[in-house]
Structure formats: C-alpha cells, structure tokens
Amino acid sequence: MADKIKVSLLGSTGMVGQKMVRMLSKHPYIELVKVSASPQKIGKKYKESVKWIEPGDIPENIAELPIVSTEYEDHKDVDVVLSALPNELAEDVELKLVKQGKIVVSNASPFRMDPDVPLINPEVNWEHLELLKYQKSNKNWNGLLVKNPNCTAAILSMPIKPLERLIKINAMYIVTLQAVSGAGYSGLPFMAIDGNIVPWIKGEEEKIPKEINKMLGKFETGKLKSSSLEIHPTTTRVPVKVGHMGVINIVTNDNVDEKEVQKALDGFASLPQHKNLPTAPKKPIILFKDEDRPQPARDLQYYDGMAVTVGRVKFEGNVLRLVVLGDNLVRGAAGITILTLEVMKELGYF
C-alpha cells in the first residue's frame, strides 16, 4: 500500500462521485482513503450517507469510511484531492485547498477557462499539463489545480482532435442530444422530460465552443493560446438516462476522402494508450459503419464507458457529417478525472 497514490474525494455521494468510488475501489495504484460530502453527513459512514444508485453493492473498502469535511485538516495527509462537487460549491472549497498546498483534480466548472489552469481531456491535450510548471508562480498558490471539461465538450472533442489535424475546418455546426443524468440525479423532473425534448440547456451553448477551443489550443512559451474554431452548438435534453450524443457538421473547402476520415478516427491514439494507463480505453474512438449506430442503448459499454463511438461519417458538398456518442458520467466526468490523475503520475507532476 505504501507506493499507492492516496486520494480523497469531495462530493462522493453524488452521481459522479459514486462512479468515482466504484472505479477507484479496484484501481491498481490509486487508493481512495477519504470521502467527503455535505456537512450534515460528517462523521457518518459512507454507506449510511449515500443513496447508492450504481450497479452492485457499495465497495466494501469504501462503505465503512467516515464522511469528512472539505477543510484542509481533513485532507492534508492525502496526495491528491479529487472533486465531484456541485459547481456552486466548488470554487471556494477547491481554491482554499489549492492555496493551502493540495493538488486538486476537479470535474466542476469554476476556473475551467482560467488561462493558468489546464483543462484536460487526456487523449486530446495531455500536453497542456505543462501549464502546471507556471501555475504556482503565476497564481501564488502553494498547490495545483487541474480541471476536466464539461461532459459534452469532453465527448465532442475526441473525434474533433484527429479531424482538425486532417482537414481545414471553416466552421462547425453541432446539435447535441443530452441525457437527463447530465442534470444530476434530481436535476430534471420526470414530468418535464418523459416523452419530451427540451431544446435548450442553460449555459451549455456558451461552454462548448470555449472549452473545445481551449483544449485544441497550442502551448507556447509558458502560455496557452486557444484555438479559434468557429463552433455553433444547439444543445437539447432528451429522455435518455445516460449518454450524450452530438451530430457534428463540419464545413470545409477541402476535398474530403471519407475513408481517410474513417481511418483517422479509427486509428486515433494518444499518450494514455501508448503508456497503457489503467483507465485508458485501448481504442478511444470506436468507429461504426452501420447507418443506425451509435445508440445509447447499445454503445456506451466499450472499455467501461471510456471510449466514444462515432458513426454516420458522410461527406457531401462541402460538409462532413458525423455522429458521436459518449457516456457523460464516465468519459465525461468520473473516468476522465481518474485518467487525468494517471497521466499526471506518468509525467511526474507529483
């Protein structure tokens, strides 16, 4: 146990927190030793504090852990703090821990667009972790802060990364079909979504272009210069439990070869695959040639939800269309947090 990375988890009883608990319970070298939740739960055992909705039982090695506070004293003896806190709580809690010297890897939105904070989707932009070499001095922080992207941006950016290397993108028009779990366990009333589609999600259409462009940016001389892709998203909520889908239409003047596009998507791999990291999918993009795939009911399970699936690749006129699907709770949240930590270990950032 001595060589394991010891971590604590903020927001451990929520949907994303539970995913992290389950994924970390059998991790080969990351050990979850502390769990935190709302103040009224402090001191209770995890199993007494959580409304467990994950498949199977609460992992035995986590069930008996006592709930601790978010204060530094309760986390000073761990190597890294992972955060699945709600956005409205995350900024103050995480910043306090970072200023006091903790490394925090967070799924929450505050600081995602801060120029000194890396926004990491490991296969897409692991190189941006180099910002951490400058973050302490620029911010006058004692610790480090790393952010994950919005779940939809995390999923969409995966196929966009190899495509922006292959073709010149003039503009992108994206329509998302996002699962209700993206709003949290009790975030959307049954009567509001059953048999219905809501054609707007607060804040999503502003986040997606900014976050994708930051992830696709270039790191130069200690600073990150965001990309400037023209991205026009329309975000919708659909009556699906899990799985965010995006219909991407890329406008280009290039003469696109569909087979070359499929080859680029199917063969995409990055540092997490080259280093065979535990949470990394062997193939981050699963390509379908069937016209009726991908589907949330059939295609979220690949590599335990860490792969995204892509289908309906078609070039017509000057538009390349594809459909992408990913697990918003795993690839878009819990799993990406854990994989980011694995990359940080591999690169020696703690």
Next on the checklist: I need the Kirkwood Rh of the chain: take the reciprocal of the average 1/r across all distinct C-alpha pairs and report it in angstrom.
Outcome noted: 20.5 Å
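Just to be sure I follow: if Rg is taken over the C-alpha atoms of region 234-276 and Rh is the Kirkwood radius over the same atoms, what is Rg/Rh? Show your work: numbers first, answer last.
Details: Rg = 15.5 Å, Rh = 14.1 Å.
Value, to two decimals: 1.10.
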Checklist entry - Roughly how many whole Å is it from the C-alpha centroid of region 330-350 to that of region 159-234? => result 21 Å
Next on the checklist: Students often forget the sequence filter, so: which lysines lie under 20 Å Cα-Cα from Lys259 once same-chain residues fewer than 8 apart are removed?
Outcome noted: Lys161, Lys168, Lys283, Lys289, Lys314
Checklist outcome for this item: Cα extents of region 95-222 along the principal axes, largest first, in whole Å, come to 52, 40, 20
Next on the checklist: To the nearest 20 Debye, how big is the dipole of region 152-326 about its Cα centre, given +1 on the beta carbon of each Lys and Arg and -1 on that of each Asp and Glu?
Outcome noted: 500 debye
Checklist entry - What figure in square angstrom, to the nearest 10, would you give for the accessible area of Ser227 with a 1.4 Å probe? => result 40 Å²
Checklist entry - With charges set only on the Cβ (+1 for Lys and Arg, -1 for Asp and Glu), what does the dipole of the chain come to about its Cα centre, in debye to the nearest 20? => result 260 debye
Item to check | Carbon/sulfur fraction of accessible area - the chain, other protein chains in place, 1.4 Å, % | outcome: 50 percent
Checklist outcome for this item: From the Cα centre of region 100-140 to that of region 10-30, the distance in Å is 21 Å
Item to check | Area accessible to solvent at Asp257, 1.4 Å probe radius, in Å² | outcome: 80 Å²
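Quick one: ranking Arg112, Arg22 by accessible area, 1.4 Å probe, largest first, what do you get?
Arg22, Arg112
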Checklist outcome for this item: Taking only C-alpha positions in region 1-96, Rg and Dmax in angstrom work out to 12.4, 35
Checklist entry - What number, in percent, do you get for the relative contact order of region 152-326 if the mean sequence gap of Cα pairs under 8 Å and at least 6 apart is divided by its residue count? => result 28 percent
Checklist entry - Relative contact order (percent) for the chain, with alpha-carbon contacts under 8 angstrom and 6 or more residues of separation? => result 17 percent
Checklist entry - Projected onto the charge dipole of region 1-51 (+1 at Lys/Arg Cβ, -1 at Asp/Glu Cβ, origin at the Cα centre), which of Met23, Gly43, Leu9 gives the Cα projection farthest towards the positive end? => result Gly43
Checklist entry - What figure in square angstrom, to the nearest 10, would you give for the accessible area of Phe350 with a 1.4 Å probe? => result 80 Å²
Checklist outcome for this item: With the charge dipole of the chain built from beta-carbon charges (+1 for Lys and Arg, -1 for Asp and Glu) about the Cα centre, the Cα from Val324, Val313, Ala334 projecting farthest to the positive end belongs to Ala334
Next on the checklist: Taking the square root of 5 times each eigenvalue of the Cα gyration tensor, what semi-axes in Å does the equivalent ellipsoid of region 52-167 have, largest first?
Outcome noted: 27, 22, 12
Checklist entry - When the chain is modelled as a GNM with alpha-carbon springs shorter than 10 Å, which of Val251, Val198, Val324 fluctuates the most? => result Val198
Next on the checklist: Which aspartates and glutamates, if any, have their Cα less than 15 Å from the Cα of Lys44, not counting same-chain residues under 8 positions apart?
Outcome noted: Glu64, Asp74
Item to check | Exposure ranking of Lys282, Lys19, Lys241 by accessible area [1.4 Å probe, largest first] | outcome: Lys241, Lys282, Lys19
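Which number comes out as Rg/Rh for region 219-350 once both Rg and the Kirkwood Rh are worked out on C-alpha atoms?
Working: Rg = 16.4 Å, Rh = 16.6 Å.
Using Cα coordinates only, the ratio equals 0.99.
The values are calculated or read from the model by the stated rules, or taken from the named source; none is laboratory data. For clarity, every value in this text was computed on a predicted model and none was experimentally measured. Heads up, the Cβs are rebuilt from the backbone with ideal geometry, glycines too, and the neighbour counts pull from every protein chain shown. These area figures cover heavy atoms from the full protein model, side chains too; ligands, DNA and RNA do not enter into them. Shrake-Rupley method; radii C 1.70, N 1.55, O 1.52, S 1.80 Å.
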